[in-house]
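Take a look at the structure below.
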Amino acid sequence: MAFAKVAFAASDAEEAQAALKTLRARYPNVEPEEADVIVALGGDGLMLETLHRRLGRAVPIYGMNRGTVGFLMNEYREDDLMERLNAARRADLHPLQMQAETMDGKRHEALAINEVSLLRETRLAAKIRILVDGRVRIPELFCDGVLVATPAGSTAYNLSAHGPIVPLQAGVLCLTPISAFRPRRWHGALLPQNAAVRFEVLECAKRPVSAVADFTEVRDVAAVDVRQEDSVTLNLLFDPEHDLEERILTEQFTP
């Protein structure tokens, strides 16, 4: 691929803003609406924010780490940027679609690139029924919460909740409990990427639960449906020696 119009985006962090100033002075650049590639400067949070802002336009995004985690980012270097962009490998991702119904009957929709998570709102543990493709799999999960993660998101909150890391091309979603008390021995499941997951909140008035799709939170949910949104494709760019698929595989062997 050959890119001609580059735009830059940066987080508010001091390092990211300094890099933004340097790169804008060094390379010709345009506004994001005109670009055929966007270089995001920051950490994974900035990458997710940039992806969400460009959901309606399939422009590739190349991240360089000027943040803390940077799992979705390439190494920051100021030299040979255009050569790196044109040699980069593309990773296509599909987000999750969340449809949440609240206790007052209202419906809310949002897209998640990393995960959709349900979390208890009070000191009382949540009680959640889990259905997969219309079949009840867990009649009652007594827990702090539960999440569905994409392969790209398997190394984020999912990993912190002791969920599995999965390669991008595995074609699966991670279903992972968060601090489950009962059933005590259930540690989650891997589902086909086209699976339809439904969460029904039991005793929702007494044990309120919120649903979060990346940055979008819906409070006091009664039921949440999650599935992969195949009609939306996100394009990330990675250096050949540091591509996302290899990073996910490497993470699985990190002590």
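Along the axis of the charge dipole computed for the chain (Cβ charges of +1 for Lys and Arg, -1 for Asp and Glu, origin at the Cα centre), the listed residues Ala35, Ala180, Met82 are led at the positive end by Ala180. In this simple spin-label model, placing a label point 7 Å from the Cα along the Cα-to-Cβ direction at both Glu49 and Ala25 gives a separation of 2.3 nm.
Please list 187-194, 33-40 highest first by mean number of surrounding beta-carbon atoms within 10 Å per residue. Display every interim value, and only then the final one.
Values: 187-194: 15.6, 33-40: 19.8.
Sorting 187-194, 33-40 by mean packing, highest first, produces 33-40, 187-194.
From helices alone, the chain scores -4500 deg cm²/dmol at 222 nm; the rule is -39500 (n - 2.57) for each run of n ≥ 4 DSSP H residues, then divide by the residue total.
Taking trypsin sites (Lys or Arg not before Pro) across the stretch 95-167, the ones in a DSSP loop with at most 14 further Cβ atoms lying within 10 angstrom of their Cβ are Lys106, Arg123.
As an equivalent ellipsoid, the stretch 28-160 spans semi-axes of 36, 16, 13 angstrom, where each value is the square root of five times an eigenvalue of the C-alpha gyration tensor, largest first. Measuring nothing but how far apart in sequence close Cα pairs (under 8 Å, 6+ apart) lie, relative to its length, the stretch 96-228 scores a relative contact order of 33 percent.
Summing +1 for each Lys or Arg and -1 for each Asp or Glu among the other residues whose beta-carbon sits under 14 angstrom from that of Ala13 gives -3. Close lysine pairs were tallied over the chain: pairs 8 or more places apart or on different chains with Cα atoms under 25 Å apart number 4. Near Ser154: Cβ cut-off under 10 Å, other residues only, Lys/Arg at +1 and Asp/Glu at -1. The net charge is -2. For Ala170 and Glu109, a Förster radius of 30 Å and the Cβ-Cβ distance give a FRET efficiency of 0.70, rounded to the nearest 0.05. Here is the tail figure for the stretch 96-228: Cα pairs spaced more than 22 Å apart come to 27 percent of all pairs. Among the listed options [x] 49, 37, 35; [y] 58, 39, 33; [z] 53, 40, 37, the one matching Cα extents along the principal axes in Å as calculated from these coordinates is [y].
All of the numbers you see were taken from the coordinates with simple rules; none came from a lab. No experiment lies behind these values; they were computed from the predicted model shown. With ideal geometry, Cβ positions are generated from the backbone for all residues, glycine too; neighbour counts draw on all protein chains shown.
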